[in-house]
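Each reported figure results from applying straightforward, stated rules to the coordinates on display, with no laboratory input. Quick caveat: nothing in here was measured; it's all calculated off a predicted structure. Neighbour counts run over all protein chains shown; Cβ positions are idealised from the backbone, glycine included.
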Amino acid sequence: MTFERLFKILSYSAVLCGFFSLWVSGTFGVVGTGMFIAVMVTAWFLEGSRWQISERWGTALIVLALPLYFVGYRYGFFGTSDSGAMLAGILGRLILSLTAIKLLQRKSDRDWMFLYLMAFFEVLLAAGLSISALYLLSFVIYVFIMVCAIILFEIKKTDRATNEKTDVNGAKTNEARLAAMPIRRLPGTALILIGLIIIFATPMFFLLPRVGGAGIGGGQGPVSTSAGFSDTVKLGGFGTIQQTDEVVMRVRLENEAARRTSLRWRGVALDTFDNQSWSRTKSAAKESKTKGERDIIQVDFATGKESLTWQTIYLEPLDTPVLFGLSRAVGVQGNFPVLFKDSHGALTFQRVGERISYKVLSDRALPDEAQLRADDIRYPSEKENYRQLPPAIDPRIRELALQITKGSANRYDASKMMESYLQNNFGYTLEQKASGDQPLADFLFNVKEGHCEYFATAMAVMLRTQGIATRIVNGFSEGEYNETADVFVVKQRNAHSWVEVYFPGENVWVPFDPTPFAGQSPGETTPGIAGKFGKYLEALETFWIQYFVAFDNQEQRSLFTSVKKSVGEYQAKTSGAVNQLFDRLSEWWKEIRGDKGIETSVAAAVRGLLYLAATLVGLLLLVWLYRKVVKSKVWHLAWEWLFARRRATIVEFYERMQTVLADKGFTREPHQTPLEFAYAVGMPEAVNITEKYNRVRFGEKHLSRDESAEIDAWLRNLETR
């Protein structure tokens, strides 16, 4: 492949990589993609022909494109929204339009540089529009191709500037010099440069402070929760609840035992029901929480260390200020200046529309069944709102609750009986069928199937008819566990509602889930190879989010803590091994001195001599093996194959030169030295080749790859003379 063709391929590939980065972000549809690819193909075949646009026309079109795009934005041609995503999309289309014009134009050095800059801006813009792992792939490919393209561009530019004309002594022309360039070394050179950049940039990346939402993907719009989680519950209506696979959060548990339990990511709790919807009567009663020791915001008190569970949560930019975590959160660590906790235990923060990462410390301890059954203390007055019923409630609901809990002697048994009854006697469906002024009664006595909000409402309200304090909780079920990434991937379809029952004697809210198990499952996973491949992609995206998108100062502290812990463990093991060795030597020396008797002293001396003899024999064996290997034929043959054979092949060029000159009628006489023969021929290439031969043959020097390529070029010139 010629130098010029490789330069053209790499330059067009760099432009294509920039477009691919934007395409991954979903900025362009089928039409836009097809148009740009068509322009690239057309420009490729027109390159160097008379059909290319002149530089004057190209500049005029670029100048004209800028006001046209501004007018289109001003008058709503691209849409009426002023969101950052739409503005970024307009900017992306403008950059691609300018790129298309330059591709179709006759190109000078500054035009190629313009295309490289446009590709760079495309990659930079895509960083703010996408968090897909495909972007990481496109970025890696772009960096490698762009480095290669810039290297060739600089070689071409420098060579043209310093060697414009053919030398009178027969030096190569510009094209011949470029053709002789060792372009096979280009990928290796590019990788070395990229490696050096990574080596110097990596410490800066991990040391520079950032915020959780900054960087790649931090500026995208919030994810709507309209089809999943909500801080209210409204019953009734018709249609089917639409579930989506849009990711809400990724959660990593530090307590492995917690993974084997039922997990629910708590959001908000609701206490007031008006026969059709739930709301929070005390939502305004929020208490602000600020950071304390160890950069942790304490939101509650722990009962003990054994039940504590740390969770690291990577939360997508949702359109709600709620923080999620396992019940009961006692501490939160993250980039929050302040958190707010309402009277129902929900945590909120000042949402800024960014992706965030944070850690939650939850105390999952609950009293045992015996303690809960023995809890018969009266409810305090401040908990009365959790026992209130809506006005004009259907009396059949109270009668059904009394029938279900008949025979229960305490609140706990009544709650378990209610939970079991709803799970086993009603069906789960996403179809919304219950309606009327009291959709709960329609669900219980007519439809008898519904989604989780109906089951939670039914249990909470029926227990209230029996004087038991309840509230419903909105959040998410555990999601799908990805063992490759070691995270739970929680999606919109995992939105869930359940019930919490208050036990005043233990002062604890105990969760119950009356939804049938079909509605509690995290959803089917894709089987076979496709499912495994999807998990690997999800693991890659999780890695990308954890260490690039959401790598803030909290993650820096976690990384430094892990490194410090690993170094400390290694030092402890090393120190322990050294101390153990010294203890054994000290014990052996005591035995040698006779502290434990003459027999022990003799045995210790013999044992020491045996160890010393074994060490000397081992050293002598290693020396003997080394000498045998050095003197063996196998070693000699390997040495010759690696070095002597290489020296033999690199002087073959002189024999090749003699063959070429013999074909032209020049034969070396026996009395002539190689250099005398070269001067007698009168060709500069012959003199240059002979000087290289003398240096290698008699100076015991080695040719570099550049010198070998140069000799090949001289030989080609001799052959064409």
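So the values come out like this:
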read-out: FRET efficiency, Glu306 to Ala370 (Cβ-Cβ, R0 22 Å, nearest 0.05); value: 0.70
read-out: Length-normalised contact order for segment 371-455 - Cα pairs under 8 Å, 6+ apart - percent; value: 27 percent
read-out: Pairs of lysines in segment 250-396 (C-alpha under 25 Å apart; 8 or more residues apart or interchain); value: 17
read-out: Distance (nanometres) between label positions extended 7 Å along Cα→Cβ at Ile9 and Asn507; value: 7.5 nm
read-out: Amide proton proximity set for His451, modelled H, under 5 Å, gap of 5+; value: Thr429
read-out: Sequence-distant residues sharing a close amide H with Gly325 (under 5 Å, placed H); value: Arg266
read-out: Prolate/oblate/rounded call for segment 420-539, Cα gyration tensor, a/c under 1.5 rounded; value: oblate
read-out: Three-way shape call for segment 364-422 based on the alpha-carbon gyration tensor, with the a/c threshold at 1.5; value: oblate
read-out: Global form of segment 676-721, assessed from the alpha-carbon gyration tensor, a/c cut-off 1.5; value: oblate
read-out: Amide H contacts under 5 Å for Ser343, placed H, 5+ residues apart; value: Ala285
read-out: Net length gained if the chain between Ser566 and Ser601 were fully extended (0.36 nm per residue, minus Cα distance); value: 8.5 nm
read-out: Gain in span if fully extended, Leu619 to Ala60, counting 0.36 nm per residue against the direct Cα distance; value: 193.2 nm
read-out: Rounded to whole Hz, the Karplus (6.51, -1.76, 1.60) HN-Hα couplings of segment 452-466, x for glycine and proline; value: 4, 5, 5, 5, 5, 4, 4, 5, 4, 6, 5, 5, 5, 5, 9
